[in-house]
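What follows is a set of notes on a single structure, which appears directly below.
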Amino acid sequence: MSVDLNTLNIIFGVFVFLFGISMGSFLNVVAYRVPLKISIIKPRSFCPSCKTQISNTALIPVLGYFFTHGKCGHCHEKISIKYPIIELFTGIITTFVFYKFLNPLVILDTLPHIFSSYSYQFSKFHYTNYVPFFISLWIIYTGIPLSLIDIKYRILPDAITLPGIMIGFVISSLNPQMGWYESLLGIGVGAGGLFFIAKLYEIIRNKAGMGLGDVKYLGFIGAVLGWKGAIFSLFFASIIGAFFGIIWGIISKKGLATAIPFGPFLAVGAFAVSTFGSELLYFIFRN
Ligand SMILES: [Zn+2]
């Protein structure tokens, strides 16, 4: 049986998208539970209002919200539209990153190596084909809950940033384009650099501008993307953050003194560097 590439792309696209929206559902749970210090595994999802366990229908990503008309089946309290939006967004961005770094042929080429003890005539399996994809996913799947938590509570919990640094270090040690040394340097430059900036700001303006959460988060970004990646992520985050800060200052009529959470901008910056790094560098440095 032969399947043309278009059909393959659609089949893989559907599976990756379904995986993505399910991940989005899990990330909603992480963002809700981590700040409240509830386990992310048990108990199963419950209504935030009446704490009744959510029905199987309501648990279906994206569609569950519409099946239940956006209300809890028990207390009829409205469920935030934010949940299906995050699920849909995670699905779309996961599918995008899949086609950016991988394609069905890479996966099909890998399968024989997993299912057989010896190699056929297939090209050699390189796990390195998967590294940029997993790096991008790791940045996205931590960035989404960190952003949601930062917007709501103005914190970036250690429960996410510290494992982020450790797992990031492991991924980078396996990444031939990075290595453990570059990763360690990234942690130092990312966290150290931002800590220095934060202290400097404190001394000059005599008030705290940035939390230690941001410092650890940039250390995490450095662990995954290296010291250059950390600097570029901070650079993009600052530009986008300043832009939004000005817009928000005008809309909210509070002026530039309004403190806005920096975590979401760091997440966008890290995503931009991990996904479009080479294109962005080309765009900045072409002459
Ligand atoms: Zn309820």
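The values are calculated or read from the model by the stated rules, or taken from the named source; none is laboratory data. This is a predicted model, so every value here is computed, not measured. Positions of Cβ are generated from backbone atoms using ideal geometry, with glycine treated the same way; all protein chains shown enter the neighbour counts. Calculation scope for accessible area: heavy atoms of the full protein, side chains included, ligands and nucleic acids excluded. Shrake-Rupley method; radii C 1.70, N 1.55, O 1.52, S 1.80 Å.
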Legend entry - Identity of the residue in the range 60-74, within 14 Å of the ligand (Cβ to nearest atom) and open to solvent by 50 Å² or more (accessible area, probe 1.4 Å), that ends up farthest from V16 (Cα to Cα): H74
Inset, instruction - Kindly indicate whether T57 is within 16 Å of the ligand (Cβ to nearest atom) and more than 20 Å from P157 (Cβ to Cβ). - result: yes
Inset, instruction - Go through (1) part of a helix (DSSP H, G or I); (2) surrounded by 16 or more Cβ atoms within 10 Å (Cβ to Cβ); (3) in contact with a helix residue (DSSP H, G or I) (Cβ under 7 Å, 6 or more places away or on another chain) and name the single condition G249 misses. - result: (2)
Inset, instruction - For the range 80-91, state whether one or more residues are surrounded by fewer than 16 Cβ atoms within 10 Å (Cβ to Cβ) and within 14 Å of the ligand (Cβ to nearest atom). - result: yes
Legend entry - All positions within the range 1-35 that are more than 20 Å from the chain's Cα centre (by Cα) and open to solvent by 30 Å² or more (accessible area, probe 1.4 Å): M1, S2, V3, D4, L5, N6, T7, N9, I10, I11, F12, V14
Inset, instruction - Tell me which residues, restricted to the range 36-54, are near the ligand (Cβ under 8 Å from one of its atoms), open to solvent by 60 Å² or more (accessible area, probe 1.4 Å) and in contact with a strand residue (DSSP E or B) (Cβ under 9 Å, 6 or more places away or on another chain). - result: S49
